[in-house]
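Every read-out reported here was derived from the displayed coordinates using simple, explicitly stated rules and does not represent laboratory data. The structure presented is a predicted model; accordingly, all values stated were derived computationally and were not measured. Cβ placement follows ideal geometry from the backbone for every residue including glycine, while neighbour counts extend to all protein chains displayed.
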Amino acid sequence: MNLQQWLEFIERQHPRSIEMGLERVREVAARLGLERPAAQVVTVAGTNGKGSTVAFIEAMARAGGWKVGAYTSPHLLRYNERVRIDGAEASDEALAAAFAAVEAARGQTPLTYFEYGTLAALWLFQQSVLDLAVLEVGLGGRLDAVNLVDPDVAVITTVDVDHVDWLGSDREAIGAEKAGIARAWKPLVLGEIDPPSSVLRHAYAIGANAIRSGSDFFHEPAGEGQWLWREVGAELLLPEPALAAPVQRANAAAAVAALRALPRPPSDACFAAGVAAARVPGRLERFERDGVEVVVDVAHNPQAARELAAWARARPAAGATAMVLSALADKDVAAIVQALEGCVDRWHLAGLAGIPRGEEVDVLAARLAGTAAADGSRDAGVEAALSRALAQSSPGDRVVVAGSFHTAAAALAMLRSGQ
């Protein structure tokens, strides 16, 4: 089978798209002979900032001459985006071979789409003789398939309320799930200044070495285009990240802390180059159409929306700002709008029908009753909503597209094709 056929196949192999737990995936990993995917491993969990932090770690380590594998999810335009080896996306042929290996090993054990993908990535990494593997946790941490790997360093970027049906309804419960990636007597890098107490309690209980932003390492401005990363006895002067949001400095700082906490860290010379080189699609990705700035961001929960609003306030448009918004049915879309409403002059709602957990635009609008977005225009899909927003914009205006990875993917496909 080719890659597309494999992806269609693995979607059909489990009755649920999400099935938490490590028993099944650990059993298949043992049959595959999976051991460590690289000489050193960093695992990254968090509500937001995971993909960017992985990208920073990957770019910094590669700038130090290391061969690095990076596993992230979800993808935007191609499944291949999820698996990178030495800076290049895995080929269709390599992924197909990896899925075939997983299928041969699983026997009658049912695996979800994500579990297949995780095992395939680990199998490819093990074949590649890597210096470092950087693994993004998919959902939560404790029961996520990625957690079958014991990391040398674990990272938790942020903890906020999201995926409440699976992880709990408040930061303490969600933090307890994410803290499950920590390992006894190993470093646990915490990227936010005030993590939930459940994370700190778990680290203390198992003897993990919590390395906290704002307590054990710091990041602060250092003049035009620069910032300072420091800990006791060490300072690094670094360029501003190419990734635009203000929060990216915190993500880069956590990445520096993670690499420096490895048993065999890279040299300090790699950090500046890696900060400048890291790129992630769909994170404040900018385009221009007839004098109108178009910004695409994957912000899909209230915390991410607050960061998007902070960027918009720090860099206001010359003219009006329009917002193209679509979101999955299990997201707190009213809170997303509340975070953004002070930065938006005109709303355009779009449906995501036909997508798992997607919904039609009228259902989205009903969920937004009483918010600033409730009376926005309505279109069946993202492409139509974006076309409408552009048609109603003038040079100097800005159009922002956000709300989910599916929203960003549809916009990017349209914009990159020149439409």
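You can think of it this way: the chain between Glu360 and Ala413 has 17.0 nm of extra reach, that is 0.36 nm per residue less the Cα-Cα gap. Between Val296, Val232, Val275, the residue with the greatest mean-square fluctuation in the GNM of the chain (Cα pairs under 10 Å linked by springs) is Val232.
The Cα center of the range 277-344 and the Cα center of the range 368-419 differ in position by 10 Å.
Of the residues Tyr116, Tyr71, Tyr204, the one with the fewest other Cβ atoms within 10 Å heads the list, and the complete ranking is Tyr204, Tyr116, Tyr71.
Annotation: lysines with alpha-carbon distance below 25 angstrom to Lys67 (same-chain offsets under eight excluded): Lys50, Lys186.
Measuring between their Cα centroids, the range 232-249 and the range 5-56 lie 29 Å from each other.
The packing ranking of peptides 317-329, 352-364, highest mean first, is 317-329, 352-364, where packing means the average number of other beta carbon atoms within 10 angstrom of each residue. Look at the dipole of the range 285-416 built from charges on Cβ: of Ala310, Gly376, Val294, the Cα furthest out on the positive end belongs to Ala310. Could you pull out which residues in the range 370-390 have an amide N less than 18 Å from a spot 7 Å beyond the Cα of Leu77, following the Cα-Cβ vector? Only 382-384, 386-387 fall inside the zone, counting backbone N under 18 Å. A straight Cα-to-Cα reach below 15 Å connects Lys331 with the aspartates and glutamates Asp160, Asp162, Asp165, Asp170, Glu359, Glu360, residues fewer than 8 places away in its own chain not being considered.
For the chain, the Cβ-based charge dipole about the Cα centre amounts to some 520 debye (Lys, Arg positive; Asp, Glu negative; other atoms uncharged).
For the chain, the share of DSSP beta bridges that are antiparallel, to the nearest 5, is 35%.
Applying 0.36 nm per residue to the separation of Glu8 and Ala329 and subtracting their alpha-carbon distance, the gain on full extension is 113.2 nm.
Label sites at Gln127 and Glu23, each approximated as a point 7 angstrom past Cα along Cα to Cβ, lie 3.1 nm apart.
Using the Cα centre of the range 285-416 as the reference point, and only Cβ charges (+1 on K/R, -1 on D/E), how large is the resulting charge dipole? Debye, rounded to the nearest 20.
Charge dipole, the range 285-416, about its Cα centre: 200 debye, nearest 20.
Using the Stokes-Einstein relation with a Kirkwood hydrodynamic radius computed over Cα pairs, the translational diffusion coefficient of the range 243-313 at 10 °C and a viscosity of 1.306 mPa s comes to 113 µm²/s. Taking other C-beta atoms within 10 angstrom as a stand-in for reagent exposure, Lys67, Lys50 fall in the order Lys67, Lys50, fewest first. The modelled label-to-label distance for the pair Gln226/Arg315, using points 7 Å beyond Cα in the direction of Cβ, is 2.2 nm.
Between Arg264 and Ser91, the simple label model (points 7 Å from Cα in the Cβ direction) yields a spacing of 2.9 nm.
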